[in-house]
Amino acid sequence: MNWERFFFCLGRFNAVAIALIVIGSAILMLLSGYWPYSDDSRTEGRPYGSEHNKISRLIGQGIDTADGQLVAYYEEGDDNERDDLGGVTLVNPKSGESVELAVSPQDSLIMFELIFDHGGEEPKVVGYVASVASSSQYPQGRADLIVGALPAMTRTVVAEDVRYVDLPTVRGNNTVGMIVWPTEDDAKVIGVDLITGRIIDSAKIALPAPRSNTLSHGPGVADDPGLRRDPGYGRAPVSVFEH
């Protein structure tokens, strides 16, 4: 046996095997996205933070005020909009102040609207109007009315257990007017100071009286028998008609 030739072939075999191992490892690293000299191959086709962008549903939205920009953080719902009942937290980066509109986790933020002052070249936010329902108010269709001034970061409960709030409108001098419905048949227009939350004026609205033979939501028939105004509703039809 020629030992010299044997060791020569063994050395060639080892060299080829080592080369194949190195090449195979390099291919595996490229496929796994860990090749240290190919950063582009790791991120190509994948947006930054794609592995983490669905962990949090919180979204921040800038709010332009006369004294700079604030941020409103809210829980994302459909189409990147605020969740229908999700809370909102307002933050002032300059002062470090923050205001949470729905304080309790059981509270539902029914309505949240920013109040704009259109007096300048560009509309600026001067405050907000919100209605927050507790877990006991929500089934009754009632909520507390809250107003606040921005960027003063105030939060004041103006009225409790109201049914609806309509058309918040800036009056000037940090005041806002709106229509508040304590019940379905009772409404009043109020003026509120955004800074203090104080109601500065109030007037009852003379609403039109609904006719006794109509329903509050149109001419249809109510599903609940207790809400039906037609005493003849539900009677069996007859085949004999008057001449």
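The values are calculated or read from the model by the stated rules, or taken from the named source; none is laboratory data. Please read these numbers as outputs of a predicted model, since none were measured by experiment. Here Cβ is always computed from backbone atoms with ideal geometry, including for glycine, and neighbour counts include all displayed protein chains. Side chains included, ligands, DNA and RNA excluded: accessible areas come from the protein's heavy atoms. Shrake-Rupley method; radii C 1.70, N 1.55, O 1.52, S 1.80 Å.
Listed residues Gly148, Gly127; which is touching a residue at least 12 places away in the same chain (Cβ under 8 Å) and in contact with a Lys or Arg (Cβ under 9 Å, 6 or more places away or on another chain)?
Gly148
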Region 125-164, residues that are open to solvent by 40 Å² or more (accessible area, probe 1.4 Å) and either assigned to a strand (DSSP E or B) or in contact with a Cys (Cβ under 6 Å, 6 or more places away or on another chain) (or both): Val157, Glu160, Asp161, Tyr164
Flag for Ile115 being surrounded by 14 or more Cβ atoms within 10 Å (Cβ to Cβ) and closer than 19 Å to Leu85 by Cα: no
Single residue of region 166-178 satisfying the filter (aliphatic (A, V, I, L, M) and open to solvent by less than 30 Å² (accessible area, probe 1.4 Å)) that is modelled with the highest pLDDT: Met178
Unmet requirement for Ala66, which otherwise passes all of (1) at pLDDT 85 or above; (2) small (Gly, Ala, Ser); (3) under 21 Å from Met153 (Cβ atoms); (4) open to solvent by 40 Å² or more (accessible area, probe 1.4 Å): (1)
Residue ID - farthest from Ser131 (Cα to Cα), chosen from residues in region 97-109 that are open to solvent by less than 60 Å² (accessible area, probe 1.4 Å) and small (Gly, Ala, Ser): Ser104
